[in-house]
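Trainee: Okay, handing you the structure first.
The values are calculated or read from the model by the stated rules, or taken from the named source; none is laboratory data. Keep in mind that what you see is a predicted model, and the values were worked out from it rather than measured. Note that each Cβ is placed from the backbone with ideal geometry, even for glycine, and that neighbours are counted across all protein chains shown. Areas reflect the complete protein model, heavy atoms only, side chains present, ligands, DNA and RNA absent. Shrake-Rupley method; radii C 1.70, N 1.55, O 1.52, S 1.80 Å.
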Amino acid sequence: MDVKQILKENGFRFNKQFGQNFLTDGGVLSSIVSDAELCRDDVVLEIGAGAGTLTRTIADNVKKVIAMEIDRNLEKILAITLADKRNVDVIIGDVMRYPMEQIEKTCGGEYKVVANIPYYITTPLIMNFIEQGTQVKSLTLTIQKEVAERLAAKPATKEYGAITVGVNAVADVTLCRILPRDMFYPEPNVDSAVVRLD
């Protein structure tokens, strides 16, 4: 599936406000799913479905995907790219505006979060799930490399700080892999990393 072509054919324009940088490399998408340690019985909440490339890969490996996307202009793109995925529910809306209780009710029990999230919501999103989530088992997130290094930092290192302490108090953090900026479309200004919080 040529996602770039689908975006072009449907006149999609990237919105800087939403921090849109899509992953299209099949090998990288499979690696993220592997990093998340997903299994057939899992329910996955994906935040920032984008063009549905990661969504498709997740859907091939789990029972159900609830894919949230803030940009209404991607609704018709997702209808095309996910047309054959019967185990995906797409919700167009801002995850930060949904009460955690509502999110968890939609997931219907224990769930995992897998997401290539806009960098500007990284800290509030992580804190929201680790402070208020009662059913979340893990978060596997593609985030800015420097933030991932802070989350996984060891005590007495320069990266170690308040967010490290806050997250490590409730979760085990694994820095899974570094993703160079040229793996994304369009290319962001920084490198990224995949981090998992259990």
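Trainee: State the number of residues belonging to segment 5-43 that are outside any helix (DSSP H, G or I) and in contact (Cβ under 8 Å) with a residue 24 or more places away in the chain.
Mentor: Number satisfying all stated conditions: 17.
Trainee: Moving on to the next point. If I filter segment 58-78 down to residues being in a helix (DSSP H, G or I) and surrounded by 21 or more Cβ atoms within 10 Å (Cβ to Cβ), which single residue comes out as nearest to the chain's Cα centre (by Cα)?
Mentor: My answer is 58.
Trainee: Right, residue 86: open to solvent by 50 Å² or more (accessible area, probe 1.4 Å), closer than 18 Å to residue 23 by Cα and modelled with pLDDT of 95 or more or not?
Mentor: no
Trainee: Any idea which residue in segment 1-50 is nearest to residue 110 (Cα to Cα), counting only those that are at pLDDT below 90, open to solvent by less than 60 Å² (accessible area, probe 1.4 Å) and among the aliphatic types (A, V, I, L, M)?
Mentor: Among residues in segment 1-50 that are at pLDDT below 90, open to solvent by less than 60 Å² (accessible area, probe 1.4 Å) and among the aliphatic types (A, V, I, L, M), the one nearest to residue 110 (Cα to Cα) is 23.
Trainee: Determine which member of the set 53, 57, 122 is in contact with a Gly (Cβ under 9 Å, 6 or more places away or on another chain), among the hydroxyl-bearing types (Ser, Thr, Tyr) and at pLDDT below 95.
Mentor: Testing whether each residue is in contact with a Gly (Cβ under 9 Å, 6 or more places away or on another chain), among the hydroxyl-bearing types (Ser, Thr, Tyr) and at pLDDT below 95 leaves just 53.
Trainee: Inside segment 92-108, can you point out the residues that are of a type in the set (A, V, I, L, M) and open to solvent by 40 Å² or more (accessible area, probe 1.4 Å)?
Mentor: Across segment 92-108, the qualifying residue is only 96.
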